[in-house]
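The values are calculated or read from the model by the stated rules, or taken from the named source; none is laboratory data. Model, not experiment: these values are computed from the prediction. Neighbour counts run over all protein chains shown; Cβ positions are idealised from the backbone, glycine included. Note: accessible area is taken over every heavy atom of the protein model, side chains too, but ligands, DNA and RNA are not part of it. Shrake-Rupley method; radii C 1.70, N 1.55, O 1.52, S 1.80 Å.
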Amino acid sequence: MERLRDKRGFICDMDGVIYHGSRLLEGSKAFVDWLQSEGKRFLFLTNSSARSPRELHQKLRHMGIEVGEEHFITSGMATAHFIASQCPGGRVFAIGDSGLYQALYEAGLSVDESHPDYVIVGETRSYSYEKIEMAIQLVLGGARLVGTNPDLTGPTEKGIAPACRALAAPIELATGRQAYFIGKPNPLIMRHALTLLSCQREETVIIGDRMDTDVVAGIEAGIDTVLVLSGITKESDLDAYAYRPHYILKDVSEIAS
C-alpha cells in the first residue's frame, strides 16, 4: 500500500469509483481530499462522453467535492483530439450529448449532416431510429465510423445502462463496418492522460472498477492498476480474465486511510 501511496500521478475512473449516477460513493471525498493534501497530480478520466469538464466539475461540486475543470478528461475530448490530428478542421456527424459536441467544437471540428468525414457515436439519452438511419447512410456513403468508448454497459444509481458500444452496434451491423473506439482501453487515451499529467507511466497508477477497460488499459500502457470493487467488476469475476490488477481494494477510501 505504501508503494501505491507513493505514486506521483493518479488516473481515476469516475462511474463506479467516485459515484454511481448521482450518488456519491462512500470514501470518495476523503480520497480526493488526500490527493489534494498530498500534492498528487491527478485526472478523473471517464469513458463517458456525455458531459464536459465544466459539467463534471459542477456535478462533483454538488456532491461536496471541489476540483478544477483541468482535472477532468473524457472519451469525448480524446475522440475530438484524435479526429483533429487525423483530419484537421474535419466535418463530423455525431450522436451524443453536450460534452461530446463541446469537445468537437473546441478541437476545430464542424458538424455536417450531409458529407461528414466521420460519424461519431457517444452516450446519449436522445438516441433515436432517425439518427441511426442517418448514421448508416453516411457510413455507407464513405464516412468513417468512430465510437467514443468500447463500453457495452455502465453503472447508474438505477443499475446497469447501455453504453457506447451497445449504441454503435446497430450501425456496425447494418453497414458491415467496425467502429474504431477511442476510450479505454485504447492506449491513445492513456498516452493523452499521461501527457496532461506530465508524469511517466512508472510513477502513475490507474484506478477503476472494470477489468475490461480500466485494468486492461493500465496493463497495455505499462501503468500499475487498482481495481476497486465498488462498481461493475466483482471479486468473483476475476477468474474470467487472463490478467490481474496490481491491487484490489474495496473502494478508494483504503488509499486515503
Condition check for TYR105: farther than 19 Å from LEU145 by Cβ and either without any contact (Cβ under 8 Å) to a residue 24 or more places away in the chain or basic (Lys, Arg) (or both): yes
Subset of the range 94-139 (residues that are of a type in the set (A, V, I, L, M, F, W, C) and more than 20 Å from GLY183 (Cβ to Cβ)): VAL111, ILE132, MET134, ILE136, LEU138
Index of the failed condition, ALA240 passing every other in (1) exposed (fewer than 15 other Cβ atoms within 10 Å of the Cβ); (2) more than 24 Å from LEU104 (Cα to Cα); (3) within 16 Å of the chain's Cα centre (by Cα): (3)
The one condition in (1) acidic (Asp, Glu); (2) more than 19 Å from the chain's Cα centre (by Cα); (3) under 19 Å from ASP13 (Cβ atoms); (4) at pLDDT 95 or above that ASP112 fails to fulfil: (3)
Residues within the range 61-75 that are buried (at least 22 other Cβ atoms within 10 Å of the Cβ) and part of a helix (DSSP H, G or I), tallied: 1
Residue ranges of strands (runs of 3 or more DSSP E) in the range 132-203 with at least 1 members at pLDDT 95 or above: 144-147
Selection count, the range 200-230, where residues are touching a residue at least 24 places away in the same chain (Cβ under 8 Å) and open to solvent by less than 10 Å² (accessible area, probe 1.4 Å): 15
Checking ARG54 against (1) open to solvent by less than 30 Å² (accessible area, probe 1.4 Å); (2) at negative phi, the condition it does not meet: (1)
